[in-house]
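Quick notes on the structure that follows.
Nothing in this text is a laboratory measurement; each read-out follows from the coordinates by a stated rule. All of these numbers come straight from a predicted model, not from anything done at the bench. Don't worry about glycine lacking a Cβ; one is built from the backbone with ideal geometry, like all the others, and counts go over all protein chains shown.
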Amino acid sequence: MKYTAENIEKILALTKEGKREFLDNLHEFLNENRLTALDYQRIKILSTAPICPRCDCEYVTKAGMSDGRQVYKCKKCGYRFRETAKSLVYYSHKYYLLMNYIKCMLEGKSLRACAKEVGISLPTSFKWRHKILSAIQGLEGGISFSGITEVDELLMQYSEKGRKFKTVEEKEQAINTVHPNVAVLVMTDREGNLLFKQTGKNRVQNSQIKEELKRRVSDKNLICFKPNEEFTQAVKESPSKKVLVRRKTRLKTKGLAVYSVNIVEKKITNFLVW
């Protein structure tokens, strides 16, 4: 199957169950053909010109092989780098297990469960998850929503979980420092598409909501949102149909509530408490 723009649009238009079935079939195909994330990176670098990770220069030349991987040299700064530079498999010794790890992530398993099933250590599982999440951020621009779309904001407490303090004074200063809440814009639809984007501090701004709605919804969408001044003004200018969801009128709107967003918020809150 050739991944043309038309085929990719069809894949993205699949239902949640359809996407899961497609990913299961893709994972089975990769395993049968013994393909890894490194093979994908090699195909990718053949389709796009390599760029120097140090100075972002496109004038690079091939400079031999190292451990079976292509090495490039930048003509501008002289920096040598492999074909895996700044990719998901960079500095990954067990890159052949990444596909299995991603499958475990899609199944919603914890870090420990993923590490145990794949056969890696817990610190490696932690690093891989952050690598994968960072790679997913690059795909954020392609997220779009269909049908009933729910929009809300989530205010999260500022956290420095995992930070190590050099001195007791530094730790006490961090504890006594009051940080504003982190504002996150949450958008989801009934097909399982989800946007979870940090927008700044304290509250999500009107201009930020407008920008995301303009990029990700059309006049065929039905937007559900809670009574919020910033959201009301932003949604009012959208060509989509709107439904203002209030607590007393939820039962009268035939299921047009923000329950999917509430589920996401509940899961995130439980994770932070844990």
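Panel order for VAL71, VAL178, VAL168, VAL186, by other beta carbons found within 10 Å of each beta carbon, from fewest to most: VAL178, VAL168, VAL71, VAL186.
What do you get for chymotrypsin sites (Phe, Trp or Tyr not before Pro) in region 53-104 restricted to DSSP loop and a cutoff of at most 14 other Cβ within 10 Å of the site's Cβ? Intermediate results must be reported in sequence, preceding the final value.
Values: sites: TYR59, TYR72, TYR79, PHE81, TYR90, TYR91, TYR95, TYR96, TYR101; in loops: TYR59, TYR79, TYR90, TYR91.
Sparse-neighbourhood loop chymotrypsin sites (Phe, Trp or Tyr not before Pro): TYR59, TYR91.
The CYS77 and LYS236 beta-carbon pair, evaluated with R₀ = 41 Å, returns a calculated FRET efficiency of approximately 0.20.
Sort 119-129, 156-166 by the packing proxy (mean of other Cβ within 10 Å over each peptide's residues), most packed first. If you can, show how the numbers build up before the last one.
Details: 119-129: 15.7, 156-166: 9.2.
The peptides rank, most packed first, as 119-129, 156-166.
Applying a threshold of 26 Å to the alpha-carbon distances of LYS197/LYS236; LYS201/LYS226; LYS131/LYS164; LYS131/LYS197; LYS75/LYS197 flags LYS75/LYS197 as lying beyond it. Ordered by the count of other Cβ atoms within 10 Å of each Cβ, fewest first, ILE148, ILE136, ILE209 give ILE136, ILE148, ILE209. Within region 180-210, what residues put their amide N at less than 20 Å from the label point 7 Å along the Cα-to-Cβ vector of ALA174? Within reach of a label on ALA174, which here means backbone N under 20 Å from a point 7 Å along Cα→Cβ, region 180-210 contributes 180-182. Here's how it looks for ASN221: its modeled amide H is under 5 Å from those of LYS241, which are all 5 or more places away or on a different chain. Each residue, LYS127 and LYS161, gets one label point 7 Å from its Cα in the Cβ direction; the gap between the two is 2.1 nm. Placing a pseudo-label 7 Å from each Cα along the Cα-to-Cβ vector at LYS116 and TYR96 gives an inter-label distance of 2.5 nm.
Using 0.36 nm per residue of separation minus the Cα-Cα distance, give me the extension gain between GLN198 and PHE22 in nm, one decimal. Mind dumping the intermediate values first?
On the way: separation 176, 0.36 × 176 = 63.36 nm, distance 2.96 nm.
Taking 0.36 nm per residue and subtracting the Cα distance, the gain is 60.4 nm.
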